[in-house]
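Contents: one structure, followed by commentary.
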Amino acid sequence: MRLFRLTTATLLRRKSWVICAFAVGVLPFLLQQISSGTENPALLKPAIAQATWAMALLCAIFWGFFTAAKQGESNARSGLGEYFLTTGVSASRQLFEMWLSVFSFLAPLPLIAAAVCILAASPGLPDERSMWLATNFQYAMLYLVVMAPLIALAIAVASRFGSITGFLTSSALAVYGLYGVGYLKLLGNLESNALLKWVWAYSPHYHFADPTERLRYKLGAIAWDKFPLLLAYFGGILLVYTALSRLIFRARTTA
């Protein structure tokens, strides 16, 4: 695990992860001061919950994918990947160790977001509070399952095409899956376009992993008999992206 330790030490020294921890754990309390929550106390807790999960998603997209892409490009172009190949560390192992390092910094974010929502934004009624706990737990799990393969994809694409391309690839997929598919569905229904509906059907529906609407309107947790199906859906995407990442990834630049 030498590459894992090296990558982790590099990220620790850069200290940019502190910004993510601040954005998820502290910034929501500052943002609600400039929102309508100060005028209507009933909106205060929903505003905190919405801002907390929004910050967690933004940190993954802008910090997580950029950091992953930067490491993938650096490993290939600096000669570090080629060095590890000569010591017996395969390309697959290098991809895994860099992914594990970046994921280790990203994994606490949904836990921090869930903790903030539970401790600072839980409803007052006992039944709603238990529902709130289950909802945050579910979405913390979905967050990890969704972001994990996108980190690997950013590393792999960056190792071959550069860090900007790696970052934009994973970021574009995340933003499209979170928000773009909704507009695509609306457009397909308005125009009755079979092609648009087909594209929508085979798109990554990451909006299912966004808890904003459920927390804002207290819609409750996903039914537990349906939750495994949702995990299986994102697990299938994870397997596809993992295979693509391994095919794309290279540990050294070509001559």
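Things to note:
- For trypsin sites (Lys or Arg not before Pro), the sites in the stretch 14-115 that DSSP calls loop and that have at most 13 other Cβ atoms within 10 Å are Lys15.
- Sequentially through the stretch 176-192, phi angles give Karplus couplings (6.51, -1.76, 1.60; θ = phi - 60°) of 5, x, 7, 10, x, 5, x, 5, 5, 5, 4, 5, x, 5, 5, 9, 6 Hz, Gly and Pro residues having no value and appearing as x.
- Helix axis angle, 44-59 relative to the chain longest principal axis, alpha carbon, degrees: 10 degrees
- Pairs spanning more than 32 Å between alpha-carbon atoms, out of Lys185/Lys226; Lys197/Lys226; Lys15/Lys185; Lys15/Lys197; Lys70/Lys226: Lys15/Lys185; Lys15/Lys197; Lys70/Lys226.
- Overall, the accessible surface of the stretch 99-238 at a probe of 1.4 angstrom is composed of carbon and sulfur to the extent of 72 percent.
- Set of lysines near Lys218 by C-alpha distance (under 17 Å), chain-local residues within fewer than 8 positions excluded: Lys45
- Across the stretch 196-206, computed HN-Hα scalar couplings (Karplus, 6.51 cos²θ - 1.76 cosθ + 1.60, θ = phi - 60°) run 4, 5, 5, 4, 4, 5, 9, 7, x, 8, 6 Hz from first to last residue, x flagging Gly and Pro.
- Multiplying each eigenvalue of the alpha-carbon gyration tensor of the chain by 5 and taking the square root yields semi-axes of 34, 23, 16 Å, largest first, rounded to whole angstroms.
- Taking the Cα centre of the stretch 10-167 as reference, the dipole from Cβ charges on Lys and Arg (+1) and Asp and Glu (-1) amounts to some 420 debye.
- Accessible area in the full protein assembly, largest first, 1.4 Å probe, for Met98, Met55: Met55, Met98
- Between 0 and 90 degrees, the angle of helix 227-248 with respect to the longest Cα principal axis of the chain falls at about 20 degrees.
- Vicinal HN-Hα couplings computed from phi for the stretch 79-96 (Karplus, 6.51 cos²θ - 1.76 cosθ + 1.60; Hz; Gly/Pro x): x, 5, x, 5, 4, 5, 4, 5, 8, x, 8, 5, 5, 4, 5, 5, 4, 5
The values are calculated or read from the model by the stated rules, or taken from the named source; none is laboratory data. These numbers were taken from a predicted model, which means no experiment stands behind them. Glycine also receives a Cβ, built like all others from the backbone with ideal geometry; neighbour counts cover every protein chain displayed. The area values use the complete protein model at the heavy-atom level, side chains included, leaving out ligands, DNA and RNA. Shrake-Rupley method; radii C 1.70, N 1.55, O 1.52, S 1.80 Å.
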